[in-house]
Amino acid sequence: MQNSLFENIQLNDFRQPPLQQCSVVCSTVNNTELLLSQPNESVNMIYSDILYGTGRNFGEYEDLKPIRIDIESHYLPRLIEMKRVLKQNGCIYLQMDTRINHWMRILMDEVFGYDNFRNEISWCYNSQGKTTKQWNKKHDVILYYTKSEDFIFNSDIVKDSISDLTYRRFQKEIDKYGYYTVLKNGKRTQYTLADGSLPKDWFEDITYISRDNKELTGYPTQKPKELIKRFVLASTNEGDTVADYYLGSGTTAVVCQELNRNFIGCDINEKAIELTKSRLLDGR
Ligand SMILES: C[S@@+](CC[C@H](N)C(=O)[O-])C[C@H]1O[C@@H](n2cnc3c(N)ncnc32)[C@H](O)[C@@H]1O
């Protein structure tokens, strides 16, 4: 690896008492450069909130245009490298919206294999901007693929709370400790509210970062820590390595610092890396 890539930040967080001390490494480079410098099978999980193809200039960065050939020529070589750096039991989560998710899914099928497609997750939110002319577009899509059939999924850690429907159905039977009994095929099984329910591929319990949210950094398209935390908790264990190649304000790096995962990532924009550095130092 070239040292110059990693000069920007090398943080070891000794403030918390982690089981293992994890490193957080971020640099201002084009992601192709970082990817090409990484060894094969060195990363457990990739999460990236990619360029959505809006064609917009966000001030801090310019998005790609929603032109299929441009999207494919940007992502295909990067996806091939991302697969190479993933460990055999690793996985990738790419976040986007509905402008390019159909093209991205075809590309990811090609690179990771149709059989390694696991989920298309919907993150539903209620942001500003409403229309009466069509259905309001209020969800992002996260495409989740694994490198092989052998992968980690900590479903117990990311389980959902029980649904409103289940709660209403058993409300009368729930005792003061939260226990209730379900009768199915003549067999009675006891549950508690704390058991929750198995995780689903749509989330509506994580809100968009509003103006009064203390997480807000002012960097365009910043994502909530809670969202990325859910993926990191589901697909890695402490001490594993997570990568983000479109880092922005550094949300993934901060999450990894909090969850005691090693992190490596980059952004082409120097201001993004400066902001990431200050968030890591402040632990926010
Ligand atoms: C959607 S934003 C990420 C926002 C981030 N999830 C957050 O919470 O702040 C995408 C980022 O990718 C960066 N980017 C665009 N092209 C890049 C490239 N070729 N290499 C590295 N970073 C790139 C942009 O500068 C931008 O900060």
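The values are calculated or read from the model by the stated rules, or taken from the named source; none is laboratory data. For clarity, every value in this text was computed on a predicted model and none was experimentally measured. Virtual Cβ from ideal backbone geometry, glycine too; neighbours counted across all protein chains shown.
Quick check: is even one residue across region 170-189 part of a loop (DSSP other than H, G, I, E, B) and either closer than 20 Å to Leu143 by Cα or acidic (Asp, Glu) (or both)? Steps first, please.
At the first step, the residues of region 170-189 found to be part of a loop (DSSP other than H, G, I, E, B) are 174-178, 185-186.
If we keep only those that are either closer than 20 Å to Leu143 by Cα or acidic (Asp, Glu) (or both) as well, we get 175.
Looking through region 170-189, at least one residue is part of a loop (DSSP other than H, G, I, E, B) and either closer than 20 Å to Leu143 by Cα or acidic (Asp, Glu) (or both).
Just one of (1) within 12 Å of the chain's Cα centre (by Cα); (2) closer than 19 Å to Leu51 by Cβ trips up Ser235, so point out which.
(2)
Checking the conditions here, which among Ser197, Ser235 is more than 16 Å from the ligand (Cβ to nearest atom), closer than 25 Å to Pro77 by Cα and not aliphatic (A, V, I, L, M)?
On the way: Ser197 fails: closer than 25 Å to Pro77 by Cα.
Within the list Ser197, Ser235, the selection yields Ser235.
When only residues in region 204-244 that are of a type in the set (A, V, I, L, M) and part of a loop (DSSP other than H, G, I, E, B) count, which is surrounded by the fewest Cβ atoms within 10 Å (Cβ to Cβ)?
Leu216
Restricting region 152-169 to residues that are outside any loop (DSSP other than H, G, I, E, B) and of a type in the set (Asp, Glu), which is nearest to Thr241 (Cα to Cα)?
Step one: list which residues in region 152-169 are outside any loop (DSSP other than H, G, I, E, B), which gives 160, 164-169.
In the following step, the residues that additionally are of a type in the set (Asp, Glu) were identified as 160, 164.
On the way: Asp160: 25, Asp164: 36 Å.
Residue satisfying both the conditions and the ranking: Asp160.
Could you please find all residues in region 24-52 being away from the ligand (no atom under 11 Å from the Cβ) and closer than 30 Å to Lys137 by Cα?
Met45, Ile46
Taking the residues in region 182-203 that are surrounded by 13 or more Cβ atoms within 10 Å (Cβ to Cβ) and of a type in the set (D, E, K, R) as candidates, determine which candidate is farthest from the chain's Cα centre (by Cα).
In this case the residue turns out to be Asp195.
Within region 239-265, take every residue that is among the hydroxyl-bearing types (Ser, Thr, Tyr) and more than 11 Å from Lys229 (Cα to Cα) and give me the one that is farthest from the ligand (Cβ to nearest atom).
So the first thing to find is which residues in region 239-265 are among the hydroxyl-bearing types (Ser, Thr, Tyr), and the list is 241, 245-246, 249, 251-252.
Next, from what is left, pick out any that are more than 11 Å from Lys229 (Cα to Cα): 241, 245-246, 249.
Working: Thr241: 18, Tyr245: 6, Tyr246: 3, Ser249: 3 Å.
Checked region 239-265; the qualifying residue farthest from the ligand (Cβ to nearest atom) is Thr241.
Could you check, for region 87-95, whether at least one of its residues is in the same structural domain as Ile152 (by TED's automatic domain parsing), near the ligand (Cβ under 10 Å from one of its atoms) and more than 18 Å from Tyr145 (Cα to Cα)?
Step one: filter region 87-95 for residues in the same structural domain as Ile152 (by TED's automatic domain parsing), giving 87-95.
From what's left, near the ligand (Cβ under 10 Å from one of its atoms): 95.
From what's left, more than 18 Å from Tyr145 (Cα to Cα): none.
No, the conditions are met nowhere in region 87-95.
Would you mind listing the helices (runs of 4 or more DSSP H) fully within region 29-148 where at least 3 residues are in contact with a strand residue (DSSP E or B) (Cβ under 6 Å, 6 or more places away or on another chain), at pLDDT 95 or above and surrounded by 13 or more Cβ atoms within 10 Å (Cβ to Cβ)?
On the way: elements: 31-37, 68-85, 101-112.
Ranges flagged: 101-112.
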